[in-house]
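Notes follow the structure.
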């Protein structure tokens, strides 16, 4: 497996599909249908805010995104939303998505999503990407990495804990749980 910075142009479509496979379950009610969500993600993707994993054949098998004061891995504006969903579709989607947006944590490097291709799960791709994001954080001068994991994603939470991430806070979703399909999100931090 090869871990590298950025999403190559040739992999943008595959990256959008991989991201949607990972996060469509929690974002589907707001960002669906699939074709429109993929169009939006493809437009909004910032390849300079991600690390990718490719197998020996060059196939994209994983992505880990991050957020900085300069932007996030999937960070589109209203124009991107309007292009994918139309004006009315963009306006109503912008409100619930804004409620999910987390502030940038200037004291800790913020991981903003990890995706592993279903065929590559259980082969160490997630661990390699988490090691790489910790390396990226060190190179940028951070001493901690922060991430948020939803209550339904117990497999990811177990991986994060095994790799040294510690839960520090839990935020409940309240009535938004009906829109996004999860009841709470836990912030986890790893000291580098």
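FYI, it's all coordinate maths here, none of it is from the lab. Owing to the predicted nature of the structure, the values given are computational and were not obtained by experimental measurement.
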*Using only Cα positions of the chain, each an equal point scatterer, no hydration layer, compute I(q)/I(0) via Debye at q = 0.10, 0.12, 0.15, 0.20 Å⁻¹ and quote the log10 values to two decimals.*
-0.39, -0.57, -0.92, -1.64
_Surface/4 of the Cα convex hull for region 44-106, nm²_ = 5.5 nm²
